[in-house]
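The structure under discussion appears below in the form of structure tokens.
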Amino acid sequence: MHTPETPNSPYEAPEGLFGLEEIRTGPAVPVPAGPLFRDSQEARRLLSVQEIHAEPGAAASLRGRQILARFPDADVLPVDSHWRIPQLHGNKGNAERWVRIKSTVLVLGERKTLTVRTNGRSADWIAPGAANGCAMACAYCYVPRRKGYANPITVFTNIERIIARLTRHATDLGPKTAPNQCDPLAWVYDIGENNDCSVDALISENTADLVHAFTRLPTAKASFATKFVNPDLLLLEPRGRTRIRFSLMPPDDSRLLDIRTSPVEQRIAAAGDFVEAGYEVHFNLSPVVIRPGWEHDWGRLLQQMDDVLPRAVKDQAAAEVIMLTHNRDLHEVNMAWHPRAEDAIWRPELQQRKRSENGSWNVRYRDGTKAAAVETVRRLVRTHAPWLPIRYAF
């Protein structure tokens, strides 16, 4: 077994750096004293790392050493590139180990491309993410389409370069001169396009660093969607500069499709705590899956939100409506580990092929079917949650 302490290991670090309190001296925000959720049994059930594939530069970095010290019993395997790991990517046999790999395998890399892309839907800009992949296993997730047959979390350890790039970008933009549906005042940066920042906070301080960085950017705001309630995020003091978008769907759909996520009821119940802690809280009504009885179940969900959420949440909330997008390659992967999900989300009689922004072919509901469903969701929101403006529907 290769570990950071192993003599002559490529990951050997200067003496004295492997106590977590000793090495948490870089850009990370200090974690408050006391028990943390990430050290709980519940967190360990979601993420019990046994194997770490690491680029040498990532493992030798400050953030990489912190992560390796957090999982001292894991085997550490050197790799040339976080994108090219034959044991994981392109290995069809991994489809049957889909969930186990997500739980036990971690990849460390350095992000080479720091491009800030325009968006205009959920956010003004898509930030270069601090991670890729997820420990959860949503059957419709688009991220594994690029990786192929395995989609564990890849953590990018050069977080200081990511934050420096975002700081320069926001500073160069200056104040937002006209309101739009993303935000009336701030430039909004999606910091979790291909990952779930709440889960990433179980591994490292990357999420904490990003939340803290946006408190120093008066013209900008971070944003990320999540299906996981991580109480540790309540300790970060975001000061209104981070928007969390809790993704919601009817509980029966979630139990079938949102594998390893926090229960929908828990996500709704957490909204008030996050607003009180200084976050802006929005909701993703996503994905909307068309199946028998879907309208009734979405109405019940919205009514539950109206019954449960405190006024402080309702007064600042907004929503996105996102219809299901699927993919043939992901369909084939799902058939190897979760075929029941495909009964709900693979509906050729309702779906059509459509090329995505990155050039790949996805499967979406036919135009007429989708338009009618979006209007149904708008009507249900007006009926059961009239306090919830819809920022956009896609």
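Here, each number is a calculation from the coordinates, and none is a lab measurement. Because the structure is a prediction, the values reported are computed rather than measured. Reconstructed Cβ throughout: ideal geometry from the backbone, glycine too, with neighbour counts over all protein chains shown.
Only four residue types carry charge here, +1 at the Cβ of Lys and Arg and -1 at the Cβ of Asp and Glu. Report the dipole size of region 327-378 about the Cα centre in Debye, rounded to the nearest 20.
Values: 10 positive and 8 negative charges, 36 e Å.
Here region 327-378 has a charge dipole of around 180 debye.
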Note to self: List the lysines whose Cα sits under 23 Å from the Cα of Lys227, skipping any in the same chain fewer than 8 residues away.
What the structure shows: Lys102, Lys147, Lys314
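What does DSSP give for region 20-393 in terms of the percent of beta bridges that are antiparallel, rounded to the nearest 5?
25 percent
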Note to self: Let me make sure I get this right: for region 314-394, a, b and c are the square roots of the gyration tensor eigenvalues over alpha carbons, sorted descending. Under 1.5 in a/c it's rounded, otherwise prolate if a/b > b/c, else oblate. Which is it?
What the structure shows: prolate
Check: By how many degrees, 0 to 90 and rounded to 10, does the Cα axis of helix 264-276 deviate from the longest principal axis of the chain?
Finding: 70 degrees
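In debye to the nearest 20, how big a dipole does the chain give about its Cα centre with +1 on each Lys and Arg Cβ and -1 on each Asp and Glu Cβ?
Working: 50 positive and 47 negative charges, 271 e Å.
Taking the Cα centre of the chain as origin, the dipole is about 1300 debye.
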Check: Under the rule of -39500 (n - 2.57) per DSSP H run of 4 or more residues, summed and divided by the residues of the chain, what mean residue ellipticity at 222 nm is obtained, to the nearest 500 deg cm²/dmol?
Finding: -9500 deg cm²/dmol
Notebook entry, point to check: Which angle between 0 and 90 degrees, to the nearest 10, do you get for helix 159-173 versus the longest principal axis of the chain when only C-alpha atoms count?
Noted result: 50 degrees
Check: Distance in nm between label sites at Arg239 and Leu185, each 7 Å beyond Cα in the beta-carbon direction?
Finding: 1.4 nm
Check: When the chain is fully extended, how far beyond the present Cα-Cα distance does Asp329 get from Gln87, taking 0.36 nm per residue of separation?
Finding: 85.2 nm
Next item on the list: Send over the Kirkwood Rh of region 266-365, from the inverse of the averaged 1/r over different Cα pairs, rounded to one decimal Å.
Entry: 15.9 Å
Next item on the list: When a/c is below 1.5 the answer is rounded, else prolate if a/b is larger than b/c, else oblate, so apply that to region 177-260 with a ≥ b ≥ c taken from the square roots of the Cα gyration tensor eigenvalues.
Entry: oblate
Margin query: Between 0 and 90 degrees, rounded to the nearest ten: what's the tilt of helix 294-308 against the longest Cα principal axis of the chain?
Written below: 70 degrees
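Which whole number in µm²/s is D for region 49-202 by Stokes-Einstein, with the Kirkwood Rh taken over Cα pairs at 37 °C and 0.692 mPa s? Mind showing how you got there, number by number?
Working: Rh = 16.6 Å.
Value of D from the Cα-based Kirkwood radius: 198 µm²/s.
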Note to self: What are the ³J(HN,Hα) couplings of region 316-328, residue after residue, when phi is run through the Karplus curve with 6.51, -1.76, 1.60 and θ = phi - 60°? Round to Hz, x for glycine and proline.
What the structure shows: 10, 7, 8, 9, 10, 10, 10, 6, 4, 10, 10, 7, 4
Check: Amide H to amide H, which residues 5 or more places from Ala131 or on other chains are under 5 Å from it, using H placed in the peptide plane?
Finding: Phe156
Item checked: Radius, Kirkwood style, for region 20-393 when every pair of distinct Cα atoms is counted (Å) -> 21.2 Å
Next item on the list: Could you work out the local net charge near Trp337, counting Lys and Arg as +1, Asp and Glu as -1, over the other residues with Cβ closer than 13 Å to its Cβ?
Entry: +3
